[in-house]
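Everything below concerns the one structure shown next.
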Amino acid sequence: MSRIAVFPGSFDPFTIGHESIVRRALPLFDQVIIMIGYNSEKRSFFPLEKRVEWIEKVFSDTSKVTVATHEGLTVDFCRKVNSNHILRGLRTAADFEYERAIAQVNKKMEDDLETVFLLTTPEHTPVTSTIVRDILRHKGDVSMFLPSNITMKDLADYVG
Ligand code: ADP
């Protein structure tokens, strides 16, 4: 049976921290599905289809990574794609408390489902999509926080 991990998140936008977690997970799994969760009632900063396009570009060098979108519970998506593993990154103690509750509730809903955590590498710990968006709102340069093939030019059309 192939080992499929689902990496859920909003990825608004996808950062070097996200990329690092996915690349470090590749030796552990046969396939990693990056699941962009969305809520049709909530506005995101970047359009869903652009986030898909950018992430696909980042992983165009490997067939082990695919990108999907999903509205609803992550456990339902995992059932749909036959995955028993959720992949998450842990940056801080605050992340841990939040992630612990979600992982335990997910396991309660689906007993076969295990959440696998990778600790962030030190240089990526302070990088968050929220901070990246704040810098962009104030016309700052975020290229150092983006994967190497997502550029400021890609983002420019969506920054006010
Ligand atoms: P969510 O809204 O579900 O937290 P995010 O897009 O913010 O979605 O994050 C998705 C996953 O990526 C989470 O597991 C988060 O901990 C992890 N992550 C976010 N930023 C980083 C980073 N800088 N380094 C490592 N992991 C990260």
Give region 111-142 a look and list any residue that's over 30 Å from residue 83 (Cβ atoms) and not in a loop (DSSP other than H, G, I, E, B), or say none. 134, 135, 136, 137
Looking for something over 22 Å from residue 4 (Cβ atoms) and loosely packed, with under 14 Cβ neighbours inside 10 Å - is there at least one such residue anywhere in region 101-118? yes
Go through region 97-126 and give me each residue that's among the aromatic types (Phe, Trp, Tyr) and over 15 Å from residue 21 (Cβ atoms). 98
Among the residues of region 1-31 satisfying the criterion of being buried (at least 16 other Cβ atoms within 10 Å of the Cβ), of a type in the set (A, V, I, L, M) and closer than 19 Å to residue 121 by Cα, which is farthest from the ligand (Cβ to nearest atom)? 25
Name the single residue that is nearest to the ligand (Cβ to nearest atom) among those in region 78-92 being surrounded by 16 or more Cβ atoms within 10 Å (Cβ to Cβ) and among the basic types (Lys, Arg). 88
Within the group 75, 105, 65, which residue is away from the ligand (no atom under 11 Å from the Cβ), β-branched (Val, Ile, Thr) and without any contact (Cβ under 8 Å) to a residue 12 or more places away in the chain? 105
Of (1) under 20 Å from residue 25 (Cα atoms); (2) out of contact with any Lys or Arg (no Cβ under 9 Å at 6 or more places or on another chain); (3) not hydrophobic (A, V, I, L, M, F, W, C), residue 133 fails just (1)
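A short reminder: the numbers here are calculations on the coordinates, not readings from a lab. Here the structure is a predicted model, which is why all the values come from computation and not from measurement. Heads up, the Cβs are rebuilt from the backbone with ideal geometry, glycines too, and the neighbour counts pull from every protein chain shown.
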